[in-house]
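See structure below.
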Amino acid sequence: MKRQVYKTAILFFFFLCSGIAFAQDKEKADSLKAVLAKGGSLTAVEKMEVLAQISTYAASPEEVLKYADKLLALASAQKAYPYMVTAYHYKGVAHRLKGDLKVSLKNLFASAALAANHKLYTEEAEAYGEIANTYTANKDNKNALVYNKKAVTIMRRQDNKERLAVNLLNTGYNYYILNQMDSALVCYNEAEPIFESIGLTIGSAYTIGNRALVYWKHGKTGVAEKDLLKAIAMLKTLGDQFGMADYHNQLGRLYFEQGQPEKAAGHTLQAEKMAKGLNLKGQVRDANKLLSGIYEEKGDYQKSLAYYKQFVAYRDSIENTENTKEIANLRTEFEVNQKQKEIAVLEKNQLMSRIYIIIAVSLLLIAILLLLYFRQRFVNTRLLAGNERKLHDEKIKNLLKMQETKALQSMVEGQEKERKHIARELHNHFGSLLATIKVNLNAIDEKAISNHATLTTLVDQACSDIRNLSHTLNMGVSEDFGLIPAIKELVANIEQSNKLEVELSASVGDEEMGVEMELFIYRVIQELVSNVLKHSKATKLSITIICFDEDNLINIIIEDNGKGFDVAQKMKAGSGMGLNTLAEMITERHGDIKIDSNATSGTTVIIDLPIDAEGYNQ
């Protein structure tokens, strides 16, 4: 029999420290079930913890699935995401143990995604590790390696040495299977010192044993032999016959390859004995095959034949399911061949029907395309009409707004003219009339009228009041004095009432403004000051007027320390000129108004107006 190198290795340590493993402790599981049965007083969190523990100690994958499903239902209702992650994880591992690898991956991917979404990094890494184990069990080592790397990356960040070392060991195995020996060696060399630092001897033993197989591939048979013997000695101390059986098989093959049949037989017989005791059919099969070759090499053909028969028996036992599937496939193939003749006859009869169907479908498609074409044209026409209607409505809206603004402007101009007219009438007519009355009253002897002095005082008071009223109505910007003197006069009148402390700051520069512009600015300030006097209960008022020649802009700031108001509500008010009307007129002149008001700091109004009158007219 030809000598050959053992080309595969068992992935040890699959579930060792993998984060969630099944302990299969029936006594503990039964105890926890009793707690759950009497759990009327248990909180939801306590119930979830008990269900998780039962899943851990359950004796079979079926039982694990039963309690993992209960855990998932309760955790989903409570939105307890860590327990949902755990439940999906348990279900995935249990399905893998049952051989349902597709369902296993579905649950493990759900666990990983949920853990990632809720930043449960350790659980995410554990899920990736189990996904890699599932791919390995399906002999899909490339995909297994992808998720081994994901798990290792997260474990490095989490600084979880034990799980990091385990994932490095599994990653090294997948590199080994993919014949990437240098990468496998890097993983094993990183894992070994970590296992040693945390005192996990079994991890060190498997790392040394698996690394020996890489040395063997590199031709370093001496190092491989030494490390395999070392790994067996370490596992013997721990009583781990599973690993010892495989490594004895490896040594048997190594010695057989080197032409040392006695040593090869000794180690392989030990491997067979241990594997039979653990019912490891795969290892017993491999040991029997190797022993058949060893005894054939030694010339003991009877023993060689006996071991070969045992090899065939174990091989058939292991591959029975696969053979059954192959027989079923052969039967299916025969039935398919019989059906093919019938299908050939039917195909000829169906050919014309298919042609008719194709023609009908083609005509239907053409009709549909035409329908879609005309429908799209109709939709486009409606869209164009709708857009034109919107543009028309927008133009009408803009025209109405412009008319409204012009009406407001005309109203303000009319008010201004009316003020001047009333002021002139008071001054010219009633003022003159009272002056005449006073002259005639003075011509009468004081003794002739008993209340002469009182009448004289009242006439004087009436003259004064009419003069003041006329002056107030006509107060504003005149062609002789200008904006700033008018504002100063307004401030002086306010201060005379002793109601308010007013601070005026004005800097208009060299920019010239028309009378209409100055009058507009004056009326704006007058309206805002009037609002302060009427409503704010302020004790201080500040008026700032600054002209920026370069920007062709005038800035007006009115501040008070009053009680403030609701700006949105006040903008809707219609008393006086009204803030809303004021804002519209400023906007019409391409200006901007900002109002900030609260009960703590009072009210601040900031207005920016372009000085260029032409911009307004546009």
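Work out the length of the dipole vector of region 205-325 about its Cα centre, built from +1 on the beta-carbon of each Lys and Arg and -1 on the beta-carbon of each Asp and Glu, and round it to the nearest 20 debye.
I would put it at about 160 debye.
Couplings 3J(HN,Hα) of region 72-77, computed from phi: 5, 5, 5, 5, 5, 5 Hz, in residue order, whole Hz [Karplus 6.51 cos²θ - 1.76 cosθ + 1.60, θ = phi - 60°; x for Gly and Pro]. Using only the Cα atoms of region 192-281, build the gyration tensor, take square roots of its eigenvalues as a ≥ b ≥ c, and label the shape rounded, prolate or oblate: rounded if a/c is under 1.5, else prolate if a/b is larger than b/c, else oblate. Cα axes put region 192-281 in the oblate bin.
Across the cross-link table entries K70/K98; K161/K220; K98/K161; K33/K66, which are compared at the Cα atoms, the separations over 22 Å belong to K161/K220; K98/K161. Distance from the alpha carbon centroid of region 518-538 to that of region 269-289 works out to 104 angstrom. Computed over region 74-195, relative contact order equals 17 percent, with contacts defined as Cα pairs under 8 Å that lie 6+ residues apart.
Full extension of the chain between I368 and N387 gives 4.0 nm of extra length, using 0.36 nm per residue less the Cα-Cα distance.
Protein heavy-atom accessible surface, 1.4 Å probe, per residue over region 527-609: 50 Å². Tell me, what % of the accessible area of region 33-137 is carbon and sulfur with a 1.4 angstrom probe? Result for region 33-137: 56 percent of the exposed heavy-atom area is carbon or sulfur. Sorting the segments 196-209, 376-389 by their mean number of nearby beta carbons within 10 angstrom, highest to lowest, gives 196-209, 376-389.
Pull out a ≥ b ≥ c, the square roots of the eigenvalues of the alpha-carbon gyration tensor of region 492-570, then state rounded if a/c is under 1.5, prolate if not and a/b is larger than b/c, and oblate in the remaining case. Prolate is the answer for region 492-570, as a/c is 1.5 or above and a/b outweighs b/c. Average accessible surface for region 154-308: 42 Å² per residue, computed with a 1.4 Å probe over protein heavy atoms with every protein chain in place. Checking the cross-link pairs K281/K309; K276/K298; K488/K540 against a 19 Å limit on the alpha carbon distance flags K276/K298 as lying beyond it.
In this structure region 40-121 gives 46 Å² per residue of accessible area when probed at 1.4 Å with all protein chains present.
Ignoring ligands, DNA and RNA, please state the percent of accessible area on region 154-248 from carbon and sulfur, probe 1.4 Å.
Working: 1870 of 3860 Å².
Taking all protein chains in place, region 154-248 shows 49 percent carbon and sulfur surface.
Please give the charge dipole size of region 41-138, origin at the Cα centre, charges +1 on K and R Cβ atoms and -1 on D and E Cβ atoms. Round to the nearest 20 debye.
240
The values are calculated or read from the model by the stated rules, or taken from the named source; none is laboratory data. If you're wondering where the values come from, they're calculated on a predicted model, not measured in any experiment. Backbone-built Cβ (ideal geometry, glycine too); neighbour counts: all protein chains shown. SASA here: full protein model, heavy atoms, side chains in, ligands and nucleic acids out. Shrake-Rupley method; radii C 1.70, N 1.55, O 1.52, S 1.80 Å.
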